[in-house]
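Okay, so here's the structure we're looking at.
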Amino acid sequence: MKKITHVVFSATFCTILATVANIALRPVHFVAMAVASLLPNIDHFTPIERSFGRRTITHSLLGFCVVAIVALPLVFFKAGSLYFIVLVSIAGHLLIDCVNKEGVCLFYPSLSRAVLPKNEQYRIKRGSKTETVLLWVTVGILLITLPINQAGLRPALHHLVRTQQSAVTDYLSFSGA
């Protein structure tokens, strides 16, 4: 997948999960999303690709666990939401690459490729029109979910259903009663 597809897909994936986890995203989260969503592709720019191959160790659960351990100090510095964002962004990268024609060696050192769906004809080729459509659909979902994240899931749902009970609940929560 293209870099922009990775970034937008991971941002959308993070926004949805952060909304459910009641984490209001800040600009620092989006910077972390962008960096972490591209982190597995570090194998393209380092000796890792020559030593291990393309989409192997950096696109595996093993690589994911290494990053999870290295980033663990974020939790101790009261940046648990940032830790969550980094891990979800990397997971988003791995997930979207599974949809690619090549797939990923998710269970490295096993060289079998994890792919979605199993039938190769339905997988997305890098740079194809299908990838462009996926990108724009993902942008649309991001534009819908981001305001919900900023408002909070419960207030957004209350605004959507607009019942008297939801209005009373919102009033009581805002007034501190």
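The values are calculated or read from the model by the stated rules, or taken from the named source; none is laboratory data. On a predicted model such as this, the values are computed, not experimentally measured, just so you know. All Cβ positions, glycine included, derive from the backbone under ideal geometry; neighbour counts span all protein chains shown. We work out accessible area using only protein heavy atoms, side chains counted, and drop any ligands, DNA or RNA first. Shrake-Rupley method; radii C 1.70, N 1.55, O 1.52, S 1.80 Å.
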Restricting attention to segment 1-48, which residues are at positive phi and modelled with pLDDT of 95 or more? none
Filtering segment 100-133 down to residues that are free of Cβ contacts under 8 Å to residues at least 40 places away in the same chain and not in a loop (DSSP other than H, G, I, E, B), which residue is most open to solvent (accessible area, probe 1.4 Å)? Lys129
Out of the residues in segment 1-23 that are within 18 Å of Lys78 (Cα to Cα) and over 11 Å from the mean Cα position of the chain (by Cα), which is most open to solvent (accessible area, probe 1.4 Å)? Asn22
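Identify the residue in segment 24-38 that is in contact with a helix residue (DSSP H, G or I) (Cβ under 9 Å, 6 or more places away or on another chain) and surrounded by fewer than 19 Cβ atoms within 10 Å (Cβ to Cβ) and, among all such residues, is nearest to Ile96 (Cα to Cα). Write out each step before concluding.
So in segment 24-38, the residues in contact with a helix residue (DSSP H, G or I) (Cβ under 9 Å, 6 or more places away or on another chain) come out as 24-26, 28-30, 32-38.
Among the residues that remain, those that are also surrounded by fewer than 19 Cβ atoms within 10 Å (Cβ to Cβ) are: 24, 26, 28, 30, 34-35, 38.
Numbers: Ala24: 24, Arg26: 24, Val28: 23, Phe30: 18, Ala34: 14, Val35: 16, Leu38: 12 Å.
Taking the candidates together, the pick is Leu38.
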